[in-house]
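Engineer: This is the structure, below, for whatever I ask next.
What follows draws every value from the coordinates through simple rules; no lab data is involved. On a predicted model such as this, the values are computed, not experimentally measured, just so you know. Counting neighbours? That spans all protein chains shown, and the Cβs are built from the backbone with ideal geometry, glycine included.
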Amino acid sequence: MQIISAARGDEWMRIKRLEGKTPRAIIAAMNWKIIAAAAAIGLLAIASASNPMVARSTIQRYESFDADPGWDGRNNRLTALNQTIVRQRFGWRPSNLAGGEPGEIGGVVWRSARQASYGMPLNPLTLDDRLESSGRFSLSQVAAINQYHTGSCIYVGFFNSEHQGWRPVNHLGFRLLGQRDYEFETYAGISVGAHVEITYGVSNYAAGGAALTTAGRFPQGNMREWKQSEILRILPDTQPHTWHLTYDPEGGDGWGRIEFSIDSGEPYPINLRKDHRQTGATFDRFGIFNEQFPGYQITAFFDDITVNGLLFDFANDPNWIGIGNQEEFVDPDQYGANRFGYSKTQYAGGVNSGELGGRIWEVHPTQDWLKAYCGVDVGALGLDDKLIARGKIAIPLFGTDSGFH
């Protein structure tokens, strides 16, 4: 019996309207009460030696995890290869890097599994309400090395302060995504910048949206198959840009419609799916927040923001609420840094403390050095043997597209 980190095929690289199959982190706590089909090694050896054509009997094995059972593990207690120091430094500031008069919001925003946000409190709004925002922004830094988990990101729009996660729940707006996949061959000489993506998420982690192009349309197929010159990127050159976003709950055949324009261009439309609208979302903030996934930093500034008709010129501190937006810490939750096995915790509802589980990463199938497992030796069993396993499981936190076996 084992728990192992998952690895998909090449399809995890495919990106279509924010449905990319990328690696995600997952936290799972398990308390297996009955582990069946765990035949004693000696018994199996005798059965195989006497007559390999005769079906072997198996015995049940019970493990309560009241104490460390000493199960075998491989790569299940990995330390992050790079000790990344996260320095969140965003909020109100008296500068004017977004253009206009002094006073703006923004700064350095790091990707991290730890939540960080800065926003204006709202009386709760839902997808039944009309939503609108506009403003001006600029970028001065976009960190991106290679692959998704070494990029950077900032979300802008309506969100819920209680929890964001990955993908963020209860949000509607846009994100600036610094990403540099090795398949793109460093964009064939094109300077790295931030993709612009319309994005929304409902309360059950379902999400929708689209990356924008300079051609004013949404390409179909994999992102790596798009013409790279047509992908809309905002360069980190401090030049100001404007945006305008509206959400009409009556649009999109009655299920909701988002329209987003940048630099006074034609609006990009997104219709909400029926099941997403029916699931719903609740927003109690408008502002900016980080992507809760390992990565690096993006530096962006925002000014002259209008939210549902209310203008903020940020000439003075608006006293919006920050959560983790000025923290500095060594981030242990780096890509592939598995932390699972025996634990004295009690998430899964066992009678006593002690269980099997922890943080499990889904990784790319080519990264053998990150593939991991924790399990007990049950001998040489196969499909001719009766296999049974029962127990309890709890998943207090997960990321979209994550998984384990």
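Engineer: So between Arg74 and Asp384, what do we pick up on full extension, going 0.36 nm a residue minus the alpha carbon distance? Working shown, then result.
Structural biologist: Numbers: separation 310, 0.36 × 310 = 111.60 nm, distance 2.73 nm.
Once the chain is fully extended between Arg74 and Asp384, it gains 108.9 nm.
Engineer: While we're looking at this one, here's another question. Which distance in nm do the two modelled labels at Ile395 and Tyr205 give, with both placed 7 Å along the Cα-to-Cβ direction?
Structural biologist: The modelled label-to-label distance comes out at 0.5 nm.
Engineer: Right, something else. Between beta-carbons, use under 11 Å as the cut-off and find the net charge around Lys371, counting Lys and Arg +1, Asp and Glu -1. All intermediate terms of the calculation are to be shown ahead of the outcome.
Structural biologist: On the way: positive: Arg74; negative: Glu362, Asp368.
Residues close to Lys371 contribute a combined charge of -1.
Engineer: If amide H atoms are built 1.01 Å from N in the plane of the peptide, which residues on other chains or at least 5 residues away come under 5 Å of the amide H of Lys392?
Structural biologist: Correct list: Asn31, Trp32, Lys33.
Engineer: Between His405 and Ser64, what FRET efficiency comes out of the Förster formula 1/(1 + (r/R0)^6) with R0 = 22 Å and r the beta carbon distance, rounded to 0.05? Provide the component values of the computation, followed by the final result.
Structural biologist: Working: r = 22 Å, r/R0 = 1.02.
Using R0 = 22 Å, I get an efficiency of 0.45.
Engineer: Once you list every other residue whose beta carbon is under 11 Å from the beta carbon of Pro168, what net charge do they have if Lys and Arg are +1 and Asp and Glu are -1? List each step's numbers first, then the result.
Structural biologist: Working: positive: Arg167, Arg175; negative: Glu291.
Cβ neighbours under 11 Å give a net charge of +1.
Engineer: Related question: Nearest 0.05, what FRET efficiency do Gln367 and Asn319 give at R0 = 60 Å with Cβ-Cβ as r? Don't jump to the answer; show the numbers that get you there.
Structural biologist: On the way: r = 45 Å, r/R0 = 0.76.
The computed FRET efficiency comes out at 0.85.
Engineer: By how many nm would the segment from Gln278 to His163 grow when fully extended, if each residue of separation counts as 0.36 nm and the alpha-carbon distance is taken off?
Structural biologist: Details: separation 115, 0.36 × 115 = 41.40 nm, distance 2.01 nm.
Extra length from Gln278 to His163 when fully extended: 39.4 nm.
Engineer: By count of other Cβ within 10 Å, fewest leading, how are Ile305, Ile288, Ile234, Ile388 ordered? Each step should come with its number before you reach the end.
Structural biologist: Working: Ile305 24, Ile288 28, Ile234 21, Ile388 11.
Going from least to most buried by this count: Ile388, Ile234, Ile305, Ile288.
Engineer: May I ask you to sort Trp369, Trp255, Trp361, Trp243 by Cβ crowding, counting other Cβ atoms within 10 Å and putting the fewest first?
Structural biologist: Working: Trp369 11, Trp255 17, Trp361 31, Trp243 22.
Taking fewest neighbouring Cβ atoms as first place, the list is Trp369, Trp255, Trp243, Trp361.
Engineer: Step through the residues of the range 61-67 one at a time and calculate ³J(HN,Hα) from phi using the Karplus curve (6.51 cos²θ - 1.76 cosθ + 1.60, θ = phi - 60°), rounding each to whole Hz and writing x for Gly and Pro.
Structural biologist: Couplings: 10, 10, 9, 8, 6, 5, 9 Hz.
Engineer: May I ask you to compute the full-extension gain from Leu310 to Ser353, defined as 0.36 nm times their residue separation minus their alpha-carbon distance, rounded to one decimal in nm?
Structural biologist: On the way: separation 43, 0.36 × 43 = 15.48 nm, distance 5.17 nm.
Between Leu310 and Ser353, full extension yields an extra 10.3 nm.
Engineer: Can you tell me which of 349-357, 105-113, 313-321 comes out highest on packing, and rank the rest after it, using the mean Cβ neighbours within 10 Å?
Structural biologist: Values: 349-357: 18.7, 105-113: 25.2, 313-321: 15.0.
Descending packing order for the listed peptides: 105-113, 349-357, 313-321.
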